[in-house]
Amino acid sequence: MQILQHLRDTKPLIHCITNYVTVNDVANVLLSLGASPVMADDEAEVKQMASIANAMLINIGTLNQRTINSMLKAAKKANKLSLPVVLDPVGVGATQLRNETALRLLKEAKFTLIRANASEISFLAGQGGKTKGVDAGDSELLKGLELNIQTAKILAKKQGCIVVSSGKIDIITDGKQTALCKNGHQMMSNITGSGCMQGAVLAAFLAISNDKFQAVVNGVSAFGICGEMAFEKTQAIDGANASFRTFFIDEFSKITDEKILLNGCIEMLD
């Protein structure tokens, strides 16, 4: 399936309510991929913006009282229009505000995809999990892959959605079928915003595909492949984090369906 070619032909509009630390990178990665980003988080316009979008990203990374109602209104409007909605519950488990907001979002709106790290997923699944800032807690490092898979499945079944648990090996599950993606590079964790960018990329893939699970698998793989290619170029110039960030965004304009097919490292478990 030529999903990337279709994405570039249709240029889906992705409505992002995301955090101000990484908003520029999120916009640029969507543009590089071939989608059209719009960053609109004022309560007075989010419903109208959602009505012209093709998919939505809600990221609670820099959560504040001003945007909580915006997130809720936008997500509910997207639900009425049957648009794909991605939730990135950054830092959930760290503070009461994040916990209450994430749980309220999950109660009052329907999400197509939840993208998070293992600790955040563990908290949302009711399995515990503590988060330090926006990074995974120490408990995540002690969990085995099998436990992370089972926790992601619990959350997917509980919310009736796809869950992506990001890490050295990304887990993609809808509670019935599960895939592991082994693409990516450790340097992706050395820049701010790689997770935020992944959420946006997955929203774009979801916007143009009827097979939502396969779209997410392809999107996660494409994301990891871009990280691998960016590392090779960074290494070639003896670069570091800033160079990697630039190369990483560049690679999304060069990723193709053929590259995903050739370089994708996907293992289907079910």
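The values are calculated or read from the model by the stated rules, or taken from the named source; none is laboratory data. Just so it is clear, the model here is predicted, and its values are computed rather than measured. FYI the Cβ positions are ideal-geometry reconstructions off the backbone, even for glycines, and counts take in every protein chain you see. Each accessible area value is taken on the protein alone, full model and side chains, heavy atoms only, with ligands, DNA and RNA left out. Shrake-Rupley method; radii C 1.70, N 1.55, O 1.52, S 1.80 Å.
Looking at this structure, is G160 out of contact with any helix residue (DSSP H, G or I) (no Cβ under 6 Å at 6 or more places or on another chain), open to solvent by 20 Å² or more (accessible area, probe 1.4 Å) and at pLDDT below 95? Outline the logic, then answer.
On the way: out of contact with any helix residue (DSSP H, G or I) (no Cβ under 6 Å at 6 or more places or on another chain): yes; open to solvent by 20 Å² or more (accessible area, probe 1.4 Å): yes; at pLDDT below 95: no.
For G160, the condition - out of contact with any helix residue (DSSP H, G or I) (no Cβ under 6 Å at 6 or more places or on another chain), open to solvent by 20 Å² or more (accessible area, probe 1.4 Å) and at pLDDT below 95 - is not met.
Checking each residue in segment 155-178 for being closer than 14 Å to G224 by Cα and not in a loop (DSSP other than H, G, I, E, B) picks out V164, S165, S166, D170, I171, I172. Restricting attention to segment 168-186, the residues being touching a residue at least 60 places away in the same chain (Cβ under 8 Å) and hydroxyl-bearing (S, T, Y) number 1.
Please tell me if D238 is at positive phi, at pLDDT 95 or above and open to solvent by 50 Å² or more (accessible area, probe 1.4 Å). Yes, satisfied.
Listed by position, the strands (runs of 3 or more DSSP E) inside segment 1-99 whose residues that are open to solvent by less than 10 Å² (accessible area, probe 1.4 Å) and hydrophobic (A, V, I, L, M, F, W, C) number at least 3 are 13-17, 55-59, 85-88.
For segment 241-254, a tally of residues being surrounded by fewer than 19 Cβ atoms within 10 Å (Cβ to Cβ) and either more than 15 Å from Q198 (Cα to Cα) or of a type in the set (D, E, K, R) (or both) returns 6.
Does F213 satisfy the condition of being under 15 Å from L4 (Cβ atoms) and either surrounded by fewer than 20 Cβ atoms within 10 Å (Cβ to Cβ) or under 12 Å from the mean Cα position of the chain (by Cα) (or both)? So that I can check it myself, show each step before the final result.
Details: under 15 Å from L4 (Cβ atoms): no; either surrounded by fewer than 20 Cβ atoms within 10 Å (Cβ to Cβ) or under 12 Å from the mean Cα position of the chain (by Cα) (or both): yes.
Taking the combined requirement at face value, the residue does not satisfy it.
Checking the condition more than 19 Å from the chain's Cα centre (by Cα) and hydroxyl-bearing (S, T, Y), which residue from T95, T62, T112, T101 passes? Give the derivation first.
On the way: T62 fails: more than 19 Å from the chain's Cα centre (by Cα); T112 fails: more than 19 Å from the chain's Cα centre (by Cα); T101 fails: more than 19 Å from the chain's Cα centre (by Cα).
Only one candidate qualifies: T95.
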